[in-house]
Amino acid sequence: MQITPPHQAPIAAVPTVVSLQGESPARAREAAKQLALEYGDYQEAIGLLLVVGETSAWLELDGVKVTAQFDSAAMQHRRKGGHNEMLGRAVGLKADRKPLIWDATGGLGRDAFVLADLGCQVMLCERVPVLAWLLDQAVKAAAVSGADQVREAADRMSVLAGDSKTLRATAGAVIYLDPMFPERKKAAAVKKEAAMLQHLADQVDDGEALWQWAWDQPVERIVVKRPLRAPILGHCRPAHSLRGKSVRFDVFTRRLEHSS
Ligand SMILES: C[S@@+](CC[C@H](N)C(=O)[O-])C[C@H]1O[C@@H](n2cnc3c(N)ncnc32)[C@H](O)[C@@H]1O
């Protein structure tokens with residue numbers, strides 16, 4: 001019998017693409033082709049599913065559904081509740097300064113949407129292909145939303161699929177990192193969602209490697225979202241931290257020599 005060492009990288013779950021019952025399967029088939037995933041029947045497929053309808057799409061596992069959607073009630077609630085201001089302050093947003101953001105850990109794009117809604121151009125990078133696809137579809141859907149605010153924010157968002165660490169961030173951008181941490185303690189619903197995201201990845205998020213990549217980029221500000229009591233990432237102390245109820249934003253700043 002083969003014993004799996006505890007440190008071995010988890011095996012990524014590969015979703016089966018299924019179409020939403022009663023809707024045309026064309027978009028689901030196209031997604032399966034694009035992502036090189038198997039296309040199956042909703043009734044028969046088991047395990048992780050990417051359910052694709054004509055205008056909606058989500059990941060589903062054991063009844064838990066996860067998607068990227070920017071005009072949802074939850075996003076609107078977050079906007080009205082004023083929870084977004086701290087993130088804006090962390091990236092250095094001012095009335096006359098709306099920095100370009102490199103969100104190197106795109107996930108479901110919620111933080112990115114908040115920043116775009118606050119007026120920043122946001123480049124999102126996500127390494128899990130199916131999440132990058134969901135993000136891209138969500139941006140496209142938001143771009144034709146009936147709500148002006150959602151459309152305008154979507155126009156400021158671009159999605160890249162792949163490992164951020166292989167890219168060079170635009171000089172002068174603010175890099176935003178929100179790596180997943182297994183030790184994160186969260187509300188039950190969020191925990192299920194986090195479990196599904198982890199299920200999708202073939203490796204745990206390497207926050208230290210991401211921080212080092214960010215430090216090597218031509219940027220003067222790096223913002224790292226962390227659980228409130230988690231240790232600091234990186235090899236220097238943040239210039240300051242903004243603390244919320246359950247998370248904090250560590251803000252690393254420095255001056256770079258600008259070559260002309
Ligand atoms: C906690 S989630 C980010 C959630 C996101 N801030 C949001 O608001 O939805 C972390 C995400 O970063 C992605 N990720 C981790 N390392 C990455 C890398 N090197 N390049 C691109 N994406 C990465 C993971 O696949 C995961 O989807």
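Among the residues here, residue 174 qualifies as within 16 Å of the ligand (Cβ to nearest atom) and at negative phi. Condition test on residue 89, is it in the same structural domain as residue 243 (by TED's automatic domain parsing) and either closer than 18 Å to residue 246 by Cβ or of a type in the set (Val, Ile, Thr) (or both)? Yes: the conditions hold for residue 89. Restricting the range 112-129 to residues that are outside any strand (DSSP E or B) and more than 19 Å from residue 67 (Cβ to Cβ) leaves a set whose member that is most open to solvent (accessible area, probe 1.4 Å) is 121.
Yes or no, residue by residue, for (1) of a type in the set (D, E, K, R); (2) open to solvent by 90 Å² or more (accessible area, probe 1.4 Å); (3) touching a Pro at 6+ places or on another chain (Cβ under 7 Å); (4) assigned to a helix (DSSP H, G or I):
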| site | (1), (2), (3), (4) |
| --- | --- |
| 21 | no, yes, no, no |
| 34 | no, yes, no, yes |
| 55 | no, yes, no, no |
| 60 | yes, no, no, no |
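For the range 90-111, check the following and say yes or no: at least one residue is assigned to a helix (DSSP H, G or I), farther than 20 Å from residue 251 by Cα and more than 9 Å from the ligand (Cβ to nearest atom). No, the conditions are met nowhere in the range 90-111. Looking across the range 151-162, the residues that are within 16 Å of the ligand (Cβ to nearest atom) and closer than 16 Å to residue 115 by Cα come down to 153, 154, 156, 157, 158, 159. Answer yes or no: is there a residue in the range 177-184 that is over 21 Å from residue 62 (Cα atoms), within 17 Å of the chain's Cα centre (by Cα), more than 8 Å from the ligand (Cβ to nearest atom) and modelled with pLDDT of 95 or more. Within the range 177-184, one or more residues are over 21 Å from residue 62 (Cα atoms), within 17 Å of the chain's Cα centre (by Cα), more than 8 Å from the ligand (Cβ to nearest atom) and modelled with pLDDT of 95 or more. Residues of the range 62-77 include at least one that is touching a residue at least 40 places away in the same chain (Cβ under 8 Å) and away from the ligand (no atom under 14 Å from the Cβ). Only one of the listed residues (132, 74) is surrounded by fewer than 17 Cβ atoms within 10 Å (Cβ to Cβ) and not polar (S, T, N, Q). That residue is 74. Whenever a residue of the range 99-119 is in the same structural domain as residue 155 (by TED's automatic domain parsing), its partners that are of a type in the set (Ser, Thr, Tyr) and not in a loop (DSSP other than H, G, I, E, B), lying with C-beta atoms within less than 6 angstrom and at least six residues away or across chains, give the pairs 101/176; 103/176; 104/164. Selection of the range 87-101 for residues being among the aliphatic types (A, V, I, L, M) and surrounded by fewer than 16 Cβ atoms within 10 Å (Cβ to Cβ) yields only 95.
The values are calculated or read from the model by the stated rules, or taken from the named source; none is laboratory data. This structure is a prediction, so every number in the text was calculated from the model and none was measured. Don't worry about glycine lacking a Cβ; one is built from the backbone with ideal geometry, like all the others, and counts go over all protein chains shown. What goes into the accessible areas is simple: the full protein's heavy atoms, side chains included, and nothing from ligands, DNA or RNA. Shrake-Rupley method; radii C 1.70, N 1.55, O 1.52, S 1.80 Å.
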